[in-house]
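Here's the structure we're looking at; comments come further down.
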Amino acid sequence: MTKDKTRDETDRAGSPPTDRVVAIIELLAGSTEPVSTKAIAERLELSRSTTTLILTSLDRSGWVSRQADRRYTLGGGLIGVAEAMHRVYPALHDDRALERLAARAGCGVALALIGAREVTYVSIVRVEGDLPTAVRVGTRLPLVAPMGTAAMAHRPAAQQRAWLDTADAADRPAIEMSLEQVRESGVVVFELGQIDPLMLGLLGEVVNLLAEHPRRDSLSTRAVELLGALGGAAYPSSRLDADDPLPISYMSAPVFDRNGRAQYELQLGPLRPEVSKPERDRLIGEIARTAEELGRTWTGTRMP
């Protein structure tokens, strides 16, 4: 499958009424204070009557709560859903391991759930001085190679082939080699690519704005793909073993769930034009140890 075919599938219409309900829930989830019906309708480009009908149904189910001033927040009816999510995805419990990794590495850290067709960011820890980014907790991106390399290296062969087919044919051999590298070393490291701080910040704002509009999935997907294209290719082991400094965008390691599946990917983002051999060895060691710590914590295995 090519990138264009992947985009075509994304563009196909699903259920517009359902999309509107999801958009309202996500908008309220991302708000730090109650939101009025008028504000919701304007931000999502929905009619006032449609917004009112949806909110009335959600209020009846307890998924939203209408305040005394007629503004809305998420409702207590979602508590059961949240608790079920914590049981299914233990990574949602806390960010302490990620916070420790970010402090030791001096850069941002993210944990992503790698599904069959998309990537969902479930935890993010930022540090002062990080470049702006479109990624936030809950961000969902199409799973297009090389995204998800660390987890995909431990997936079944058929799933790997389908994933590789989402990349350009010319890039597939190098991506396939990076899968073998992950299996050998446990970590994959990516070049810095053509990342420009101003462009990264602008694209981040565009993606976040488009994410609020359920009728703009196609444009949002294109913006995300452009954002991903600013990164670089994975380094082969021979380059990582060399003594010269290397530009690095991010590195990732698989995290295994209680069933031994590589369900998550831990990502560390130095975003530096030069990383010395001792420093990148240190960072590789830090992310590998934290990924192992997370897996042991979720399976109930004690750390040595």
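Summing Lys, Arg as +1 and Asp, Glu as -1, what charge do residues with Cβ under 12 Å from the Cβ of Glu176 carry, Glu176 excluded?
0
Between Asp241 and Thr18, how many nm apart are label points set 7 Å from Cα along the C-beta direction?
Once both label points are built, they end up 5.0 nm from each other.
Given 0.36 nm per residue, what is the gain on full extension from Ala158 to Arg136 after removing their alpha carbon distance, in nm?
Roughly 4.9 nm would be gained on extension.
Simple spin-label model, 7 Å along Cα-to-Cβ: Arg100 to Thr73 in nm?
3.3 nm
Figure the gain on full extension for Glu128 and Ser47 (residue separation times 0.36 nm, minus the Cα-Cα span) and round it to one decimal in nm.
Roughly 25.1 nm would be gained on extension.
Which FRET efficiency value, to the nearest 0.05, do you get for Glu184 and Arg258 by plugging their Cβ-Cβ distance into 1/(1 + (r/R0)^6) with R0 = 25 Å?
0.50
Quick note: the coordinates plus some simple rules give every number you see, no bench work behind them. Keep in mind the model is a prediction, meaning the values are calculated, not measured. Heads up, the Cβs are rebuilt from the backbone with ideal geometry, glycines too, and the neighbour counts pull from every protein chain shown.
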